[in-house]
1. Only residues that are touching a strand residue (DSSP E or B) at 6+ places or on another chain (Cβ under 9 Å), of a type in the set (A, V, I, L, M) and either free of Cβ contacts under 8 Å to residues at least 12 places away in the same chain or part of a loop (DSSP other than H, G, I, E, B) (or both): list them for the range 1-30, please.
2. State yes or no: is V46 within 10 Å of the chain's Cα centre (by Cα) and at pLDDT 80 or above?
3. In the range 36-57, how many residues are over 19 Å from A70 (Cβ atoms), of a type outside the set (S, T, N, Q) and open to solvent by less than 60 Å² (accessible area, probe 1.4 Å)?
4. From the list K66, K28, exactly one residue is under 15 Å from T17 (Cβ atoms) and of a type in the set (K, R). Which is it?
5. Which pairs have Cβ atoms under 8 Å, sit 6 or more apart or on different chains, and link a residue in the range 39-68 that is over 30 Å from N9 (Cα atoms) to one that is assigned to a helix (DSSP H, G or I) and hydrophobic (A, V, I, L, M, F, W, C)?
6. Can you tell me which residue among K12, K28 is within 13 Å of the chain's Cα centre (by Cα) and basic (K, R)?
Amino acid sequence: MNEVCPINNLGKILLATDGSGYSSGAEKEAISLAGRCSSQLGAIAVVEANDEYTAQAPQLVENAEKEALA
């Protein structure tokens, strides 16, 4: 059964995610909605970092950024 797009003229969707289990539902819904509406889907990954974290373990920030881009 083909589902109909619930919103008219939905050309672009932006998904913000932190990669957690909590955001996986939003990721699945955004992918589904983009497919139903023939919309472009963009995504942005949120990576938490602070000055102390960065100073103590800069390689962890680097690794987190690489994971987010993968």
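The values are calculated or read from the model by the stated rules, or taken from the named source; none is laboratory data. Source: prediction; values computed, not measured. Methodologically, a virtual Cβ is constructed for each residue, glycine included, from the backbone with ideal geometry; neighbour enumeration extends over all protein chains shown. Ligands, DNA and RNA are stripped out before the accessible areas are found, and what is left, the full protein with its side chains, is counted by its heavy atoms. Shrake-Rupley method; radii C 1.70, N 1.55, O 1.52, S 1.80 Å.
1. A26
2. Considered against the rule, which asks whether it is within 10 Å of the chain's Cα centre (by Cα) and at pLDDT 80 or above, V46 comes out as yes.
3. Within the range 36-57, residues that are over 19 Å from A70 (Cβ atoms), of a type outside the set (S, T, N, Q) and open to solvent by less than 60 Å² (accessible area, probe 1.4 Å) number 2.
4. Of the residues listed, the single one that is under 15 Å from T17 (Cβ atoms) and of a type in the set (K, R) is K28.
5. Close Cβ pairs satisfying both conditions: V47/V61; V47/A64; V47/A68; A49/V61; A49/A64; Y53/L60; Y53/V61; T54/V61.
6. Within the list K12, K28, the selection yields K28.
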